[in-house]
Amino acid sequence: MKIRRAQEKDVEEINNLLCQVLMIHHNGRPDLFQRDTKKYTDKELRELIRDETRPIFVGVDEADKVLGYVFCVFQQHLKDNILTDIKTLYIDDLCVDSLRRGQHIGKKLYEYVLQYAKEQGCYNVTLNVWACNESAKCFYEHCGFVPQKIGMEKILVY
């Protein structure tokens, strides 16, 4: 598998994977996540692919077919009243095609991002994971992630 920056030609395959992630979230929390929609329009996705502050990497096979992706965002709070000026690479989304899971593609994408973050002078790599996505939570824990903060809710409508 080769890992490279996402290109506009990857939009359709990335959209397919985004739909897979959406369905995991919809199945876990249908009260929050709609079904049969997309996280980004094609135009928004093309803009993200061109945005240097939001790198997207794809793992591709020998035929250049997208097997998985990782969406990243650089974050830094310069001269904030309470936060230090550290540079963070936030993993906004990581997905491996459901037919290719278990082949260490996600781990390779994660390791690539970790090295990229180091090369970019980042202090840390962060992400959020939905509590209903137990397999993702286990994957990230296996990669060495530990809780940084915990989001909590109280549902008011029954």
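Filter region 67-90 for residues that are of a type in the set (V, I, T), assigned to a strand (DSSP E or B) and surrounded by fewer than 22 Cβ atoms within 10 Å (Cβ to Cβ) and give the result. So that I can check it myself, show each step before the final result.
Initial filter on region 67-90 (of a type in the set (V, I, T)): 70, 73, 82, 84, 86, 88.
Those left that are additionally assigned to a strand (DSSP E or B): 70, 73, 88.
Those that are of a type in the set (V, I, T), assigned to a strand (DSSP E or B) and surrounded by fewer than 22 Cβ atoms within 10 Å (Cβ to Cβ): V73, T88.
Can you tell me how many residues in region 35-47 are within 13 Å of the chain's Cα centre (by Cα) and not charged (D, E, K, R)?
Total meeting the criteria: 0.
Does region 117-141 hold any residues that are without any contact (Cβ under 8 Å) to a residue 12 or more places away in the chain and farther than 19 Å from F33 by Cβ, and which are they?
K118, E119, C138, E141
Restricting to region 98-127, name every residue that is surrounded by 19 or more Cβ atoms within 10 Å (Cβ to Cβ) and within 13 Å of the chain's Cα centre (by Cα).
Residues satisfying the conditions are G106, L109, Y110, V113, V125, L127.
Filter region 28-39 down to residues that are surrounded by 11 or more Cβ atoms within 10 Å (Cβ to Cβ), at pLDDT below 95 and within 17 Å of C95 (Cα to Cα), then give me how many there are.
The qualifying residues number 2.
Out of (1) closer than 20 Å to Y140 by Cα; (2) touching a Cys at 6+ places or on another chain (Cβ under 7 Å), what's the single condition that is false for K87?
All conditions pass for K87, except number (1).
State yes or no: is D42 of a type outside the set (V, I, T), open to solvent by 50 Å² or more (accessible area, probe 1.4 Å) and farther than 25 Å from K9 by Cβ?
Considered against the rule, which asks whether it is of a type outside the set (V, I, T), open to solvent by 50 Å² or more (accessible area, probe 1.4 Å) and farther than 25 Å from K9 by Cβ, D42 comes out as no.
Is it the case that region 12-20 has a residue that's outside any strand (DSSP E or B) and either among the charged types (D, E, K, R) or in contact with a Pro (Cβ under 7 Å, 6 or more places away or on another chain) (or both)?
Yes, region 12-20 contains at least one residue that is outside any strand (DSSP E or B) and either among the charged types (D, E, K, R) or in contact with a Pro (Cβ under 7 Å, 6 or more places away or on another chain) (or both).
The values are calculated or read from the model by the stated rules, or taken from the named source; none is laboratory data. It should be emphasised that the depicted structure is a prediction, and the values quoted were computed from it without experimental measurement. Reconstructed Cβ throughout: ideal geometry from the backbone, glycine too, with neighbour counts over all protein chains shown. Ligands, DNA and RNA are excluded from the accessible area calculation, which covers all protein heavy atoms including side chains. Shrake-Rupley method; radii C 1.70, N 1.55, O 1.52, S 1.80 Å.
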